[in-house]
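Asker: Before I ask anything, let me first share the structure, which is written out below as structure tokens.
The values are calculated or read from the model by the stated rules, or taken from the named source; none is laboratory data. All of these numbers come straight from a predicted model, not from anything done at the bench. Here Cβ is always computed from backbone atoms with ideal geometry, including for glycine, and neighbour counts include all displayed protein chains. Ligands, DNA and RNA are stripped out before the accessible areas are found, and what is left, the full protein with its side chains, is counted by its heavy atoms. Shrake-Rupley method; radii C 1.70, N 1.55, O 1.52, S 1.80 Å.
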Amino acid sequence: MQSFVDFLNSIIWSPVLIYLCLGAGLFYSIATRFVQVRQFNEMCRLLLSGKSSDKGISSFQALAVSLSGRVGTGNIAGVAAAIGFGGPGAVFWMWVVAFLGAATAYTESTLAQIYKEDDNGQFRGGPAYYIEKAMGQKWYAWIFAIATIFACGVLLPGVQSNSIGNAIEAAFGSGEMINTAIGTISLAKIITGSIISVLLGFIIFGGVKRIASFTQVVVPFMALAYIIIAFVIILLHITEIPAIVSMIIGDAFTPMAGFGAAIGWGVKRGVYSNEAGQGTGPHAAAAANVQHPAQQGLVQSFSIYIDTLLVCSATAFMILITGAYNVHGIGDAYIVQNVAAEIAANGPVFTQLAIESTMPGWGKPFIAIALFFFAFTTILAYYYIAETNIAYIRRSVKVPGMMFALKLVLMTAVFYGTVKAANLAWAMGDVGVGLMAWLNIVGILTIFFLGRPALKALKDYERQQKEGVEKYTFDPVKLGIKNADYWERRFAREQGKSTAQNNTDKTPNKPVNPTA
């Protein structure tokens with residue numbers, strides 16, 4: 001199984017996809033005149049300005065749901081893997097992917113808003129929707145939807161739960177093993193997998209509102225706590241920061257693990273972590289209730305900074321400052337070996353050791369708890385994404401029980417992923433990420449050349465910004481954007497209300513009859 005999955009990854013994650021991810025980010029950065037820099041202040045303002053409605057969640061809730069997908073195992077175990085297989089220089093390429101990917105995130109999230117639908121009182125949208133409506137290729141949209149259901153419902157959840165299981169076992173496990181039908185498994189992992197599955201079921205049966213309510217509290221709290229711990233460790237080693245930064249930049253171009261390894265692992269783990277271009281973030285973006293599609297695009301763009309430039313950088317600096325890492329060479333050889341050879345790079349132990357070396361007794365339990373919340377909320381986001389794509393398919397083909405089946409499959413995948421080996425779980429996750437990235441990036445680049453809807457929305461939003469309007473409006477017909485049905489109806493309603501209000505204001509007051 002492992003060799004087959006590795007073979008698939010060698011095809012999917014070829015150099016073509018690596019440079020496609022970087023190229024798409026650079027292309028959209030130039031096309032939007034580096035919107036991720038120009039509109040940074042507006043991103044911050046929009047974070048707390050939106051409100052939820054009966055049909056949609058607020059901008060901040062949508063950010064929290066998408067961050068729950070972004071801030072997960074990739075930020076803790078994924079960074080360790082990037083360093084372990086690509087050397088310290090891989091961190092530099094994670095930064096590059098984040099900076100350029102912020103423009104990609106703006107584009108795909110704005111597209112999701114433009115082409116979203118009202119599905120039985122709930123906003124739905126994402127790549128499948130905008131591929132069908134903007135590209136006019138329903139078959140391609142179906143391929144993306146099916147690939148995403150498989151990736152987010154089966155492959156990716158196991159990566160998250162596997163890291164939770166490994167971290168819990170390292171921190172609290174007794175070493176007791178149990179013989180089961182799928183092999184000999186530690187008791188700690190069996191208990192952990194069972195607890196995660198039960199909690200997951202309770203929340204996902206409550207719908208997107210319950211997911212949003214849970215993630216908007218948990219994600220910011222855990223991200224802040226994690227960054228504070230990292231900041232303390234960095235402060236305790238502040239004199240080493242210049243040397244660490246120099247090593248990261250130097251190894252990015254003349255790296256110990258080879259230039260190809262550094263850029264390959266940096267981009268792969270960067271895309272896995274911040275998800276820019278992968279096509280997952282747009283699903284939550286479409287659920288937001290905003291005045292203008294570009295607003296949620298900007299909010300989602302900001303989430304890339306939070307994920308990679310804050311949380312991933314915190315992990316990288318902790319690991320590199322404390323020297324709690326190995327760098328794999330060819331075969332079983334090591335270029336750098338600072339910790340025991342049996343410690344897997346595809347896991348959270350590097351990060352646990354980094355904290356443990358500075359705060360004895362804190363590292364293993366803290367990372368176990370942090371990973372539980374980070375990874376658990378990511379699994380919730382995966383469920384919502386898979387659910388949205390099933391909703392897309394049900395527009396054409398209605399099969400009873402599809403949503404219920406998804407819930408059961410996801411809970412099973414989570415339990416299975418918790419107890420299986422880390423290498424297989426990560427390899428399967430890479431297959432899922434790679435498939436979605438290929439399909440989505442090709443889609444958004446094609447859409448740009450067909451009509452540039454995301455760019456038109458940005459120019460329209462910036463025009464209204466300069467005019468200082470109190471309430472933003474979006475008229476897709478005026479901008480030459482077709483098939484944006486929701487926004488066409490909304491604009492017509494707003495214009496109708498405005499006209500009615502103007503007529504009311506112009507109606508003269510009737511004179512009062514003093515004898516009445």
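Asker: Can you pull out every residue in region 273-300 that is at pLDDT below 80 and either open to solvent by 10 Å² or more (accessible area, probe 1.4 Å) or of a type in the set (A, V, I, L, M, F, W, C) (or both)?
Answerer: Across region 273-300, the qualifying residue is only Ala276.
Asker: When you scan region 413-427, do you find a residue that is touching a Lys or Arg at 6+ places or on another chain (Cβ under 7 Å) and either in a helix (DSSP H, G or I) or open to solvent by less than 50 Å² (accessible area, probe 1.4 Å) (or both), even just one?
Answerer: Step one: filter region 413-427 for residues touching a Lys or Arg at 6+ places or on another chain (Cβ under 7 Å), giving 418-419.
If we keep only those that are either in a helix (DSSP H, G or I) or open to solvent by less than 50 Å² (accessible area, probe 1.4 Å) (or both) as well, we get 418-419.
Among the residues of region 413-427, at least one is touching a Lys or Arg at 6+ places or on another chain (Cβ under 7 Å) and either in a helix (DSSP H, G or I) or open to solvent by less than 50 Å² (accessible area, probe 1.4 Å) (or both), which makes the answer yes.
Asker: Going by the conditions given, is Val431 free of Cβ contacts under 8 Å to residues at least 12 places away in the same chain and not aromatic (Phe, Trp, Tyr)? Steps first, answer last, please.
Answerer: Numbers: free of Cβ contacts under 8 Å to residues at least 12 places away in the same chain: no; not aromatic (Phe, Trp, Tyr): yes.
Taking the combined requirement at face value, the residue does not satisfy it.
Asker: Which residue pairs have Cβ atoms closer than 8 Å, lie 6 or more positions apart in sequence or on different chains, and pair a first residue in region 1-24 that is among the charged types (D, E, K, R) with a second residue that is in a helix (DSSP H, G or I)?
Answerer: Hits for this filter: Asp6/Ala427.
Asker: With under 23 Å from Leu156 (Cβ atoms) and in contact with a helix residue (DSSP H, G or I) (Cβ under 8 Å, 6 or more places away or on another chain) as the only criterion, which of Phe366, Phe317, Phe372 stands out? Explain how you work it out, then say what you get.
Answerer: On the way: Phe366 fails: under 23 Å from Leu156 (Cβ atoms); Phe317 fails: under 23 Å from Leu156 (Cβ atoms).
When all the criteria are applied, what remains is Phe372.
Asker: Checking the condition open to solvent by 10 Å² or more (accessible area, probe 1.4 Å), at pLDDT below 85, under 23 Å from Gly250 (Cβ atoms) and in a helix (DSSP H, G or I), which residue from Leu22, Leu8, Leu26 passes? Give the steps one after another, and end with the answer.
Answerer: Numbers: Leu8 fails: under 23 Å from Gly250 (Cβ atoms); Leu26 fails: at pLDDT below 85.
One residue alone meets the criteria, Leu22.
Asker: I'm trying to understand the selection: among the residues of region 156-173, which are surrounded by fewer than 23 Cβ atoms within 10 Å (Cβ to Cβ) and part of a helix (DSSP H, G or I)? Reasoning before the result, please.
Answerer: Residues of region 156-173 surrounded by fewer than 23 Cβ atoms within 10 Å (Cβ to Cβ): 169-173.
Passing the criteria: Glu169, Ala170, Ala171, Phe172.
Asker: With the requirement that a residue be among the hydroxyl-bearing types (Ser, Thr, Tyr) and under 17 Å from Asn75 (Cα atoms), what does region 287-325 give you? Can you show your working first?
Answerer: Kept after step one, since they are among the hydroxyl-bearing types (Ser, Thr, Tyr), are these residues of region 287-325: 301, 303, 305, 308, 313, 315, 322, 325.
Of everything in region 287-325, those that are among the hydroxyl-bearing types (Ser, Thr, Tyr) and under 17 Å from Asn75 (Cα atoms) turn out to be Ser303, Tyr305, Thr308, Ser313, Thr315, Tyr325.
Asker: If a residue has to be open to solvent by less than 50 Å² (accessible area, probe 1.4 Å) and either outside any helix (DSSP H, G or I) or not aliphatic (A, V, I, L, M) (or both) to count, how many in region 447-468 make the cut?
Answerer: 7
Asker: Please identify the pairs in which a residue from region 313-342 that is under 20 Å from Gly266 (Cβ atoms) and part of a strand (DSSP E or B) has its Cβ atom under 8 Å from the Cβ atom of a residue that is open to solvent by less than 30 Å² (accessible area, probe 1.4 Å) and among the polar types (S, T, N, Q), counting only partners at least 6 apart or on another chain.
Answerer: Tyr334/Asn326; Val336/Asn326
Asker: If you check Gly258, Gly206, Gly250, which single one turns out to be small (Gly, Ala, Ser), at pLDDT 85 or above and open to solvent by 20 Å² or more (accessible area, probe 1.4 Å)? Give the steps one after another, and end with the answer.
Answerer: Numbers: Gly258 fails: at pLDDT 85 or above; Gly206 fails: at pLDDT 85 or above.
The match here is Gly250.
Asker: Could you please let me know if Glu342 is open to solvent by less than 50 Å² (accessible area, probe 1.4 Å) and of a type in the set (Asp, Glu)? Give the derivation first.
Answerer: On the way: open to solvent by less than 50 Å² (accessible area, probe 1.4 Å): no; of a type in the set (Asp, Glu): yes.
In short, no.
Asker: Taking Glu387 as the residue in question, decide whether it is assigned to a helix (DSSP H, G or I), open to solvent by 20 Å² or more (accessible area, probe 1.4 Å) and either at pLDDT 80 or above or among the hydrophobic types (A, V, I, L, M, F, W, C) (or both). Outline the logic, then answer.
Answerer: Details: assigned to a helix (DSSP H, G or I): yes; open to solvent by 20 Å² or more (accessible area, probe 1.4 Å): no; either at pLDDT 80 or above or among the hydrophobic types (A, V, I, L, M, F, W, C) (or both): yes.
No; evaluated as a whole, the condition is false for this residue.
Rundown of residues vs (1) within 22 Å of Tyr19 (Cα to Cα); (2) more than 16 Å from the chain's Cα centre (by Cα); (3) in contact (Cβ under 8 Å) with a residue 24 or more places away in the chain, yes/no style:
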position	(1), (2), (3)
Ala90	yes, yes, yes
Trp95	yes, no, yes
Phe99	yes, no, yes
Glu108	yes, no, yes
Asp118	no, yes, yes
Gly126	no, no, yes
Tyr130	no, yes, yes
Ala145	no, yes, yes
Ile149	no, no, yes
